[in-house]
Amino acid sequence: MTYVLFNDSILDEADVAISYKDRGYHFGDGVYEVIRVYNEEFFTLDEHINRLYESAAKIEITIPYEKNALKAMLHEYKTKVQTVNGSIYLQVTRGVADRNHLYTKDEVPVILGFDLPDKGVSQKQEQGVAAYVTEDVRWLRCDIKSINLLGNVMAKRKAYDHDCDEAILYRDSGVTEGSSSNLFLVNNQTLYTHPANNLILNGITRQEILAIASELELAVIEEPFPKEVLLHAEEAFISSTSLEIVPVHSFKGDIETTLNVGPVTKKLQYAFQERVTKKTNASV
Ligand code: PDD
């Protein structure tokens, strides 16, 4: 049986009655998180839950449970589906209503959660991936982890159509992030990444990497940089919940260059695994 978390119940997938009037379908009107499980333990659960509530608040969705109650539901679900290593996807849409752009503020949010298998990214983590550099055509509230991801999915498809694993997006103001990851460059023992403002999603993995960099006394510059800077990067890597830290071995598209999988990236990968082990007691 495949179980799904639906509002406050865990149901067989056949019993999940999603309404065709859910605003998630009409408008992409909702927010989500992907939370990693290592060795049966959630990793950075509080950070994901806090971001979920923040994203929801930014679009005036009030999640109808206290954070602790939602966390308890997630724990119960994880136990039910016996996740050992994998992820849990959780989304909250504004609710069910007749199609109308105008929301009334009294819709009842709909919560949906399901488990995602471990993606098996170790080869990418070792060898790196190619990334396709293309214009960022998304909206100006990329800080909200919205389920409305048209700009992201279009960029991802474009990257795959050019034999790349990820799209790296840029605006006039500089390089922002990947279609489903954050981007870091390394030059002279210094990490460069876009500041956490409205133009990127402040990744939980990104925040973990910044904490590790501080522990390792690695300098960090959180400032936008033009796409041409990619040409001079010693190392580059992308980060996300599912990828952790994956080196970029080449940029294609509007910037073309190759890079080495370098020592700073490897050091951060190692430190990240140590952090996972420490926080989850996982032997990964
Ligand atoms: N994506 N930027 C974007 C646009 C993202 O979609 C993601 C994550 C990240 C990295 O965030 P985090 O480190 O918190 O996973 C950055 C998730 C994994 C997804 O949509 O599947």
Practice task
Specify which of the listed residues (Ala155, Ala167, Ala196) is among the small types (Gly, Ala, Ser) and assigned to a helix (DSSP H, G or I).
Solution key: Ala155
Practice task
Answer yes if at least one residue in region 174-189 is free of Cβ contacts under 8 Å to residues at least 60 places away in the same chain and in a loop (DSSP other than H, G, I, E, B), and no otherwise.
Solution key: yes
Completion exercise
Here the qualifying pairs (Cβ atoms under 9 Å; residues six or more apart or on different chains; first in region 98-120 and of a type in the set (A, V, I, L, M, F, W, C); second loosely packed, with under 14 Cβ neighbours inside 10 Å) come out as Val110/Ser19; Ile111/Asp8; Phe114/Thr2; Phe114/Glu13
Exercise for the section: Confirm whether Val84 is part of a strand (DSSP E or B) and at pLDDT 95 or above. Expected result: no
Exercise for the section: Would you check if there is a residue in region 212-227 being closer than 30 Å to Tyr89 by Cα, part of a strand (DSSP E or B) and among the β-branched types (Val, Ile, Thr)? Expected result: no
Problem - Yes/no for Glu107 being of a type in the set (Asp, Glu), surrounded by 19 or more Cβ atoms within 10 Å (Cβ to Cβ) and touching a strand residue (DSSP E or B) at 6+ places or on another chain (Cβ under 9 Å) - result: no
Exercise for the section: Could you check, for region 220-241, whether at least one of its residues is surrounded by fewer than 22 Cβ atoms within 10 Å (Cβ to Cβ), of a type outside the set (Asp, Glu) and near the ligand (Cβ under 8 Å from one of its atoms)? Expected result: yes
Fill in the blank from the handout: Scanning region 93-150 for residues that are away from the ligand (no atom under 16 Å from the Cβ) and part of a helix (DSSP H, G or I), the one nearest to Glu60 (Cα to Cα) turns out to be Ser122
Problem - Flag for Ile204 being more than 24 Å from Thr257 (Cβ to Cβ) and within 16 Å of the ligand (Cβ to nearest atom) - result: yes
Practice task
Return yes when Val261 is β-branched (Val, Ile, Thr) and in a strand (DSSP E or B) and no when it is not.
Solution key: no
Exercise for the section: Could you list, in sequence order, all residues of region 51-108 that are in contact with a Lys or Arg (Cβ under 7 Å, 6 or more places away or on another chain) and within 25 Å of Leu201 (Cα to Cα)? Expected result: Arg51, Tyr53, Ser55, Glu60, Ile61, Ser87, Ile88, Thr93, Arg94, Gly95, Tyr103
Handout entry: Given (1) touching a residue at least 60 places away in the same chain (Cβ under 8 Å); (2) farther than 15 Å from Ser250 by Cα; (3) hydrophobic (A, V, I, L, M, F, W, C); (4) in contact with a strand residue (DSSP E or B) (Cβ under 8 Å, 6 or more places away or on another chain), index of the condition Ile204 fails
Key = (4)
Fill in the blank from the handout: Among (1) touching a helix residue (DSSP H, G or I) at 6+ places or on another chain (Cβ under 6 Å); (2) crowded, with 19+ Cβ neighbours inside 10 Å, Ile63 falls short only on (2)
Practice task
Could you please give the count of residues in region 1-49 that are of a type outside the set (Val, Ile, Thr) and in a loop (DSSP other than H, G, I, E, B)?
Solution key: 12
Practice task
May I ask you to verify whether Arg138 is basic (Lys, Arg) and surrounded by 13 or more Cβ atoms within 10 Å (Cβ to Cβ)?
Solution key: yes
Practice task
State whether the residues of region 207-217 include one that is more than 16 Å from the ligand (Cβ to nearest atom) and in contact with a helix residue (DSSP H, G or I) (Cβ under 8 Å, 6 or more places away or on another chain).
Solution key: yes
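The values are calculated or read from the model by the stated rules, or taken from the named source; none is laboratory data. Every value quoted in this text rests on a predicted model; they were computed, and no experiment measured them. Using ideal geometry, Cβ is built from the backbone for each residue, glycine included, and neighbour counts are taken over all protein chains shown.
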